[in-house]
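The values are calculated or read from the model by the stated rules, or taken from the named source; none is laboratory data. Just so you know, these numbers come straight off a predicted model, no measurement behind them. Counting neighbours? That spans all protein chains shown, and the Cβs are built from the backbone with ideal geometry, glycine included.
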Amino acid sequence: MSAHYPALIILIPLLAAFLNTAFVWLDKRLCYPTTVLGLGGSVYFCIRLLLKVVGNGTMAYHVGGWAPPMGIELRVDNLSALVLLLVSVIAFMNIIASRKSINEELTFKSGAFYTIYLLFVTGLLGVVATADLFNLYVLLEITSLSAYALLAMGNQDRAPLASLNYIFLGVVGASFYLLGVGYLYIMTGTLNMADVNSLLPGIAGSSAVMVAFVFCLVGIWIKMGLFPLHTWLPNAYSYAPVSSSRVIAPLMTKVMVYVMIRMMISVFGLDFVFEQISLEGWVVALASVAIISGAVMALAQKDLKKMLAYIIVCEIGYMVGGAWLGNSQGMTGAILHIVNDAIMTFALFLVLGNIVFTRKKTAIKDLRGIFSSMPWTMAGFILVGISIIGVPPTCGFFSKWYLLLGGIEAGASFFVFALVLSSLISAVLVFRVVETAFFSPEDGGHEHEKAALNEAPVSMLVPLGLTGVAIIAVGIWSGYIVQHIILPFIQQGIS
Amino acid sequence: MPDLLTEIVNKYNYWLYIILMMIGLYAMIAKNNLIKKLVGMNIFQTAIILFFISMGYKDNATIPIIMGGHGGEAAHKTIEASQYINPLPHVLMLTAIVVSVATLGVALALIILIYQRYQTLEEDELRMRVKQK
Amino acid sequence: MKQLGLIIVIICGGLLLYATQDFPAWGDPTAPVHTHLSPHFITEGLHETGAPNLVTAVLADYRGYDTMFETVVVFCAGIACILLLRTFVQRTRGREYRHTPTGVVLHIQDPDKDLNNPREFELIDNMWVPHDLIIKTVSRMLIPFIQIFALYVVAHGDFSPGGGFQGGVIFGASLILLALSFDLRSSLRRISEKMLGILSALGVIIYSGIGIACMLLGGNFLDYGRLTAILPVDPDHIRAMGMLGVEIGVGFAVMAVMVIIYTNIASQGRHQQGL
């Protein structure tokens, strides 16, 4: 049984999605339990898989019984197992927190929503686990299609147009990736990642391989939302219903960062990337510009949703810059930041979801006095805010620390400056919200009356509490994570 | 210059499909009407599909269905790899065609929603009407 | 915007064309594409899988995992169309209907409630023409043959060009022909939305079910060789039987999703009136 874990992780949510569709027309009450069971099963197997991979090493699975490169292979190593666990846990906690808001916003179509949700999670899990370049494209398209549908269900004035713009850019990104894979296929004749890696030294100098790398990279950057290819991101995430953006925002962009690191390390190899291409100076500069522009645009926003979207753009810059710094510290920081940023973004969107559920308005000036009416939610917000600024022992501090060390070691002064500046700007952002929430009185001006407790229901508070605990726990244990999971992966990649 | 010409003559299929791809990409970026952008997207994806299929071609080879395969005799004959073209790009592109049709379906559904709301499909008009809300 | 588009297109096109100088010439049989993986597929494909059509052999057997997710993409597009477009808001004004035997035109508020025998009434809209007898009769005669041809394409996918996707699309096209030549409501009366949804789920469940059955019988996912334990077929042909099973699943799913996408887009989600 344990040999089948990589396939089971993907199959259980997939089967739950299919059964869910049948239940939409047969018996609607079974839809939610099926979804919860599907995601819960996936979480269980991800935990078992992570323990197995950390103990025994990389796990390979030959689908159909055909050995690669004839057939398709699933390959799970330390990094994949970590990201798989992250994806399944966040998706599971989100579905528990979203039940009430889905029932309220989408009463008739909730069954179809759960199906598309499960397909989105299956696509992400498949992207992380696969070791075949074309299979990655197909799973990426499943993820994107479900994301287009999930994001268009919001405010009907603006969500369909935002999603359509996302479709256009997303198709260009995926097609660029496919073109890169095509060029690689013409030069090597194979689609398996490890096989391409072994054939690459012979043809590394050719212009076709370099153009293949550039096109794959640009395609992944479009899907990731790296400045200046991020134009789809703020609109798509702000006008979507909170239950969708709460799962898409933390996961989709981080999984694309994972794909970029996988392409850099396992397909092309760090030698090729840093010696043949030698664009890392430009890429780190671009990442620094992304960080600064994301932070500055977040400062200019008056709506909480858009502010969070621009914070995501800023965080993507951290990860891309860290990965391209060229040293082990930077790469460690980038990988640790995948985990940390997913947790922090999820917590931020949980806070946002609670506010939308109780107050229905998300402009910052509408948050007056919210401290007294929603104390638990705001406590969670302060914890996440501290983590974004980067204060120990929250997790945000540790990944920023590694990124700073890597930047100093590589001599990338612009990147280090951008990191410090964005921390200061995040402090301003967090305190601006805290000030409006705590110190300004409620509309109506009854300062001496305490506002009534109008907190979100328990099903939404428990995931927020668990995520807050995770922020601190991942921070305290980040040394353990780095030493046992991340560093062995990087050592393996370098050798 | 003669080098470039022999290059183009040897690989004219790749040049043709790349130019077609760029026409599609230009339509996606520069056209104003949403349906024209969608058509450009379709041209772009179709050009990539043609690009892949053309790379599987071998001179003097036939389609990848084993001749005389129906029945038992084929199991005893040896099959020459040079007689049949490469089946793998065709398989990959079956998937890519299906993916492009699915994306087209979802994009058309979104365009219907936009038209129901705003009664126009021109992008500059849409931008104006969205701002007025 | 046009200048930006031109600049982007020239840069991308230039990069792509610059890289073609390293490609092997078109049709060259010694290219890496033709010497690395594909000789194995061509020479051993028939022996290992039992299907002379090498494209189907690679599609459904060697790379069956990809094909399963391709079917999931189609399925996802169908459910996405339902999620985005389906509305249950009905018109309040009512429409004109013509009683076919007598030719009388009535204004009816709600056809489902007010009419005893809705088959005798036809909807009058902008495109109504009085004499479409030829279209209706020809479609009614052709549709069964189209469907049989679709089933042939699915079943014969191992031996001639064809397979699950192609057959499923042809079958779906026959149902769309019914919706176009008669009207949308009569096609929905014959195969309802509930049946279409269940069929699409059934198709993908068949595909992954065959894969899971292989897992339960001891092999890896989608390893058809293990199915000899439950199917009375000799081991030479078991893989072809497995491939036929998954192609049937694909056919169901694609057929249902094509009709779902058509009905939702043509009627804008209301399922009242088609094209």
*Taking region A:180-194, which residues are in a helix (DSSP H, G or I) and either within 26 Å of the chain's Cα centre (by Cα) or within 9 Å of another protein chain (Cβ to nearest Cβ) (or both)?*
A:Gly180, A:Val181, A:Gly182, A:Tyr183, A:Tyr185, A:Ile186, A:Met187, A:Thr188, A:Met193, A:Ala194
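One line per residue, one yes/no per condition, for (1) closer than 30 Å to C:Ala60 by Cβ; (2) surrounded by 16 or more Cβ atoms within 10 Å (Cβ to Cβ); (3) among the small types (Gly, Ala, Ser); (4) within 23 Å of the chain's Cα centre (by Cα):
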{"site": "A:Ser42", "(1), (2), (3), (4)": "yes, yes, yes, yes"}
{"site": "A:Phe45", "(1), (2), (3), (4)": "yes, yes, no, yes"}
{"site": "A:Leu51", "(1), (2), (3), (4)": "no, no, no, yes"}
{"site": "A:Val54", "(1), (2), (3), (4)": "no, no, no, yes"}
{"site": "A:Gly57", "(1), (2), (3), (4)": "no, no, yes, no"}
{"site": "A:Gly65", "(1), (2), (3), (4)": "yes, yes, yes, no"}
{"site": "A:Gly71", "(1), (2), (3), (4)": "yes, yes, yes, no"}
{"site": "A:Asp77", "(1), (2), (3), (4)": "yes, yes, no, yes"}
{"site": "A:Leu82", "(1), (2), (3), (4)": "no, yes, no, yes"}
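Table: residues versus (1) within 13 Å of chain C (Cβ to nearest Cβ); (2) at pLDDT 90 or above; (3) touching a helix residue (DSSP H, G or I) at 6+ places or on another chain (Cβ under 9 Å); (4) crowded, with 23+ Cβ neighbours inside 10 Å.
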{"residue": "A:Ser146", "(1), (2), (3), (4)": "yes, yes, yes, yes"}
{"residue": "A:Leu151", "(1), (2), (3), (4)": "yes, yes, yes, yes"}
{"residue": "A:Ser175", "(1), (2), (3), (4)": "yes, yes, yes, yes"}
{"residue": "A:Leu178", "(1), (2), (3), (4)": "yes, yes, yes, yes"}
{"residue": "A:Val196", "(1), (2), (3), (4)": "yes, yes, yes, yes"}
{"residue": "A:Ala212", "(1), (2), (3), (4)": "yes, yes, yes, yes"}
{"residue": "A:Val218", "(1), (2), (3), (4)": "yes, yes, yes, no"}
{"residue": "A:Lys223", "(1), (2), (3), (4)": "no, yes, yes, yes"}
{"residue": "A:Lys254", "(1), (2), (3), (4)": "no, yes, yes, yes"}
_Can you say whether A:Leu124 is surrounded by fewer than 24 Cβ atoms within 10 Å (Cβ to Cβ), of a type outside the set (Phe, Trp, Tyr) and under 14 Å from the mean Cα position of the chain (by Cα), as far as the supplied structure shows?_
no
*So which residues in region A:315-329 are modelled with pLDDT of 90 or more and either within 17 Å of A:Ser423 (Cα to Cα) or assigned to a helix (DSSP H, G or I) (or both)?*
A:Glu315, A:Ile316, A:Gly317, A:Tyr318, A:Met319, A:Val320, A:Gly321, A:Gly322, A:Ala323
*Report yes if some residue within region A:131-140 is modelled with pLDDT of 90 or more, more than 7 Å from every other protein chain (Cβ to nearest Cβ), over 25 Å from B:Phe44 (Cα atoms) and surrounded by 24 or more Cβ atoms within 10 Å (Cβ to Cβ); otherwise report no.*
yes
_List the helices (runs of 4 or more DSSP H) inside region A:17-131, counting only whole elements, that have at least 3 residues being more than 28 Å from C:Ala80 (Cβ to Cβ) and in contact with a strand residue (DSSP E or B) (Cβ under 9 Å, 6 or more places away or on another chain)._
A:31-56
*Quick one: how many residues across region C:148-187 are of a type in the set (D, E, K, R), in contact with an Asp or Glu (Cβ under 9 Å, 6 or more places away or on another chain) and either assigned to a helix (DSSP H, G or I) or under 20 Å from C:Gly78 (Cα atoms) (or both)?*
1
*Tabulated pairs, region A:375-396, first at positive phi, second modelled with pLDDT of 85 or more and not hydrophobic (A, V, I, L, M, F, W, C), C-beta under 9 angstrom, 6+ apart or interchain*: A:Gly390/A:Gly396; A:Gly390/A:Ser399; A:Gly390/A:Lys400; A:Gly390/A:Ser423; A:Gly390/A:Ser426
*Please enumerate the residues belonging to region C:7-22 that are within 7 Å of chain B (Cβ to nearest Cβ) and not hydroxyl-bearing (Ser, Thr, Tyr).*
C:Ile8, C:Val9, C:Cys12, C:Gly13, C:Leu16, C:Leu17, C:Gln21
*Would you mind telling me which numbered condition in (1) among the hydrophobic types (A, V, I, L, M, F, W, C); (2) in a helix (DSSP H, G or I); (3) within 14 Å of chain A (Cβ to nearest Cβ); (4) in contact (Cβ under 8 Å) with a residue 24 or more places away in the chain C:Met215 fails?*
(4)
*Is there a residue in region C:177-193 that is farther than 25 Å from C:Arg95 by Cα and either more than 12 Å from chain A (Cβ to nearest Cβ) or surrounded by fewer than 18 Cβ atoms within 10 Å (Cβ to Cβ) (or both)?*
no
*Looking at region A:198-210, which of its residues are within 28 Å of A:Lys254 (Cβ to Cβ) and more than 9 Å from chain C (Cβ to nearest Cβ)?*
A:Leu200
*Just checking, which of A:Asp303, A:Asp271 is over 30 Å from A:Ile102 (Cβ atoms) and of a type in the set (Asp, Glu)?*
A:Asp271
*Can you pull out the residues in region C:9-42 that are surrounded by fewer than 17 Cβ atoms within 10 Å (Cβ to Cβ) and among the β-branched types (Val, Ile, Thr)?*
C:Ile10, C:Ile11, C:Thr30, C:Thr35
*When only residues in region A:5-26 that are more than 7 Å from chain C (Cβ to nearest Cβ) and of a type in the set (A, V, I, L, M) count, which is farthest from A:Val121 (Cα to Cα)?*
A:Leu26
*Lone qualifier among A:Phe268, A:Phe274 - being in contact (Cβ under 8 Å) with a residue 60 or more places away in the chain and over 21 Å from the mean Cα position of the chain (by Cα)*: A:Phe268
*Within region C:190-205, which residues are within 15 Å of the chain's Cα centre (by Cα) and of a type in the set (Val, Ile, Thr)?*
C:Ile198, C:Val204
*Looking at A:Ala379, A:Ala363, A:Ala347, A:Ala334, which one is crowded, with 24+ Cβ neighbours inside 10 Å and under 21 Å from A:Phe431 (Cβ atoms)?*
A:Ala347
*Kindly indicate the residue of region C:216-256 that is within 26 Å of the chain's Cα centre (by Cα) and of a type in the set (Asp, Glu) and also surrounded by the most Cβ atoms within 10 Å (Cβ to Cβ) among those meeting that condition.*
C:Glu247
*Of (1) at the interface with chain B (Cβ under 7 Å from one of its Cβ atoms); (2) in a helix (DSSP H, G or I), C:Ala25 satisfies all except one. Which?*
(2)
_Is it the case, given these coordinates, that C:Ile124 is among the aliphatic types (A, V, I, L, M) and under 19 Å from the mean Cα position of the chain (by Cα)?_
no
*Residue by residue through region C:71-94, note down the ones that are charged (D, E, K, R) and touching a residue at least 60 places away in the same chain (Cβ under 8 Å).*
C:Arg86, C:Arg91
